[in-house]
Amino acid sequence: TVLLLAGCDIPMGGKDDPPATEILRVEVEPNPVVAGDTAVFTCVVRDSLDPNLKYEWELENGPIPYPTPDTNQYRWEAPPDTGRYTHLVEVTRPEVDDPGAAFTPVAKSFEVKVTEND
């Protein structure tokens, strides 16, 4: 006997579970950025007004200040070396009733170009 389930939408929790977090985009201002200047990264998520969201920023050129700012914005000082740098932001929504537990994080990588000062 073969049982095929196609197109089933079965909720994994109760009806009051919050929706899954979705990263819509990461805005970089300015991009490109001049070496040594500061760029601001803003992570835009579908449920951005949720005060429980936790953000973790992973930067290619380190060192990364620890802990990273736990907000949807990060100020990054561009390194002296020009080129393209790939970074990552990870967003997690902790369980409200159990702060130690968390939903599976979602992540998005993004690229920033560093140029020379004219």
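The values are calculated or read from the model by the stated rules, or taken from the named source; none is laboratory data. As the structure is a prediction and not an experimental result, all values here were calculated from the model. Using ideal geometry, Cβ is built from the backbone for each residue, glycine included, and neighbour counts are taken over all protein chains shown. In case anyone asks, the SASA skips ligands and DNA or RNA and just uses the protein heavy atoms, side chains included. Shrake-Rupley method; radii C 1.70, N 1.55, O 1.52, S 1.80 Å.
Go through segment 32-61 and count every residue that is open to solvent by 60 Å² or more (accessible area, probe 1.4 Å) and of a type in the set (Asp, Glu).
Total satisfying the criteria: 4.
From (1) hydrophobic (A, V, I, L, M, F, W, C); (2) modelled with pLDDT of 95 or more; (3) loosely packed, with under 14 Cβ neighbours inside 10 Å, pick out the condition that doesn't hold for Ile10.
Against the list (1) hydrophobic (A, V, I, L, M, F, W, C); (2) modelled with pLDDT of 95 or more; (3) loosely packed, with under 14 Cβ neighbours inside 10 Å, Ile10 comes up short only on (2).
Evaluate segment 61-77: report whether one residue or more is modelled with pLDDT under 85, of a type in the set (A, V, I, L, M, F, W, C) and not in a loop (DSSP other than H, G, I, E, B).
Within segment 61-77, not a single residue is modelled with pLDDT under 85, of a type in the set (A, V, I, L, M, F, W, C) and not in a loop (DSSP other than H, G, I, E, B).
Going through Pro105, Pro80 one at a time, which residue ends up being within 20 Å of Asp50 (Cβ to Cβ) and modelled with pLDDT of 85 or more?
On the way: Pro80 fails: within 20 Å of Asp50 (Cβ to Cβ).
Selected residue: Pro105, the only one of Pro105, Pro80 that is within 20 Å of Asp50 (Cβ to Cβ) and modelled with pLDDT of 85 or more.
In segment 83-102, what residues are modelled with pLDDT of 85 or more and within 23 Å of Arg46 (Cα to Cα)?
In the first step, residues of segment 83-102 are kept if they are modelled with pLDDT of 85 or more; the result is 83-92.
Matches in segment 83-102: Thr86, His87, Leu88, Val89, Glu90, Val91, Thr92.
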